Amino acid sequence: MTTAEPRTAPESASAPEPRVPAPAAEPADAERSTPAEAEVPGKPAVPGRTAEAGTAAVPAGPDPDRWPDVAAPVPRHGPRTAIAAALVKRALNQLPLRVRFADGTELGKGGAVLDIHDPRAFHGRIGARGLIGFGESYMAGEWDAPDLVAALTVLATHAGGLVPPPLQRLRALWAPRRPQEQRNTPDGSRENISHHYDLSNDLFALFLDETLSYSSALFRTLPAEPRHLADAQRRKIDRLLDLAGVREGTRVLEIGTGWGELAIRAAARGARVTSLTLSAGQRDLARDRIAAAGLSGRASVELCDYREARGTYDAVVSVEMIEAVGAEFWPVYFRTLDERLAPGGRAALQAITMPHDRMLASRSTHTWIGKYIFPGGILPSVEAVVETVRQHTGLALTHRDAYGPHYAETLRLWRERFTERAGEVEALGFDETFRRMWTLYLAYSEAGFRAGYLDVQQFLLTKEAAAR
């Protein structure tokens with residue numbers, strides 16, 4: 001899962017980049033060994049991870065070694081802080097929110113509650129780093145909400161009007177640009193994927209269901225119940241396999257392994273599956289799960305970039321992976337699908353999408369999701385998918401379905417389980433700042449889908465059969 005950043009708050013999404021989700025992500029669509037040893041100057045290999053699993057979280061606030069920008073002194077005065085305070089007041093006063101400040105001041109028209117515990121720090125962070133600062137302020141505990149999803153849903157619903165039009169037109173002057181080091185080159189993709197997916201297999205297992213599916217489920221009825229999540233994930237996978245025409249003897253290429261559930265279900269149909277991932281942690285666990293299912297002879301998992309894929313396949317399936325590709329590489333991604341498909345082949349994709357105008361406005365912007373959750377991630381729009389396929393491939397888009405409300409429910413179930421198991425997350429070595437970050441990512445992603453700002457789609461692309 002990979003998610004994008006709305007124009008309001010921290011992807012979600014984180015996301016979460018919802019890669020959910022996000023969209024996801026990725027998310028979602030959306031891989032090196034667990035990077036506990038990997039060193040990146042100025043930040044830890046695994047943000048928020050204590051040196052030793054089981055170590056208690058530091059109670060004195062964000063650890064400056066792990067969270068330098070969250071722990072750094074906040075500018076509380078100056079013109080940027082004053083301008084941010086004025087813009088925030090203008091935006092919040094027109095919303096169906098009840099915004100409560102520590103000094104007793106209230107803004108908004110009533111509704112979901114937002115509590116600003118440290119107004120000067122809150123405004124200072126937004127003045128210094130915009131929406132990245134909004135997310136960092138939550139990580140630092142400077143604001144909160146009794147119902148975080150409800151408050152973020154209001155912000156996402158009104159995303160287009162929160163920033164005055166003159167400032168929106170000057171976005172290139174004030175919004176930070178995506179770091180060059182996050183470009184999804186082959187090496188950059190490995191770093192970006194590792195940042196998220198190699199955090200810890202055990203961490204993901206705490207809040208995902210038994211299938212370890214990290215993408216939107218497809219429920220029979222909404223609202224969803226926790227006991228139905230695994231079956232809903234299998235339903236989603238089976239629908240994609242049906243779209244791709246996977247059956248006995250089908251040669252399948254999966255781009256983005258996850259933890260192996262799709263490869264297992266495709267192999268159980270009698271298909272021959274080659275699955276590609278950039279996460280060594282995912283590869284190892286997926287191989288173990290495939291072996292436990294007795295399907296090692298039918299499914300293989302390779303540590304391989306999609307651009308390095310070889311061979312010809314009857315079907316290509318990719319679930320919430322395009323979100324991690326990067327806009328500049330979308331043509332390469334779709335050409336790869338075309339080149340790997342045999343004549344008459346079918347490609348089934350699941351992708352988190354965002355509105356086209358917002359995608360165009362934000363695709364070069366550095367966001368909270370991009371900084372902390374899904375570096376290098378960007379969600380496509382439906383229009384971007386359609387146009388890229390038309391311009392760069394010979395494939396035909398023959399089917400598309402959207403089911404965003406199902407992702408909102410999927411994220412709710414993940415978020416509730418993550419919250420319920422916070423003690424186990426801490427026991428794995430993830431500190432309080434990490435847990436607040438992850439909570440915001442899941443809640444923000446859910447809010448994006450509930451507001452209709454984000455959606456999730458299944459696409460079917462087909463390749464013309466060879467002439468007889």
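The values are calculated or read from the model by the stated rules, or taken from the named source; none is laboratory data. Just so you know, these numbers come straight off a predicted model, no measurement behind them. Here the Cβ is made from the backbone with ideal geometry for all residues, glycine too, and neighbour counts use every protein chain on show. Side chains included, ligands, DNA and RNA excluded: accessible areas come from the protein's heavy atoms. Shrake-Rupley method; radii C 1.70, N 1.55, O 1.52, S 1.80 Å.
The Cβ shell under 14 Å around Gly394 holds other residues with a net charge of +2, Lys and Arg each +1, Asp and Glu each -1. Computing the accessible area with a 1.4 Å probe over protein heavy atoms, can you report the carbon and sulfur percentage for segment 386-445? Carbon plus sulfur share of accessible area: 46 percent. With a simple spin-label model that places each label point 7 Å from the Cα along the Cα-to-Cβ direction, the separation between Glu339 and Glu106 comes to 6.1 nm. A simple spin-label model places the labels of Ser300 and Asp231 3.7 nm from each other, with each point 7 Å out along Cα-to-Cβ. Accessible surface of Lys109, taken over heavy atoms with a 1.4 Å probe and every protein chain present, rounds to 150 Å². Given their separation in residues at 0.36 nm each and the Cα-Cα distance between them, Ala427 and His399 gain 5.6 nm when the chain is fully extended.
With a 1.4 Å probe and all protein chains left in place, how much accessible area per residue does segment 252-355 have, in Å²?
30
When the Cα gyration tensor is reduced to axis lengths a ≥ b ≥ c, the ratio a/c is 1.5 or higher for segment 164-301, and with a/b above b/c it is classed as prolate. Rolling a 1.4 Å probe over the protein heavy atoms leaves Arg400 with an accessible area of roughly 110 Å².
With a Förster radius of 60 Å applied to the beta-carbon distance between Asp115 and Ala467, the computed FRET efficiency rounds to 0.35.
Note on Glu210 and Arg417: their simple-model spin labels are 1.1 nm apart, each label 7 Å out from Cα toward Cβ. Measuring only protein heavy atoms, the 1.4 Å probe finds Thr221 accessible over about 90 Å². If R0 is taken as 30 Å, the Cβ-Cβ distance between Ala291 and Asp187 corresponds to a FRET efficiency of 0.50.
Listed by chain and number, the aspartates and glutamates whose C-alpha is less than 14 Å from the C-alpha of Lys371, apart from same-chain residues fewer than 8 away, are Glu5, Glu11, Glu17, Asp69, Glu136, Glu181, Glu191.
Quick one: order His228, His366 from most to least accessible surface, probe 1.4 Å.
Output order, biggest surface exposure first: His228, His366.
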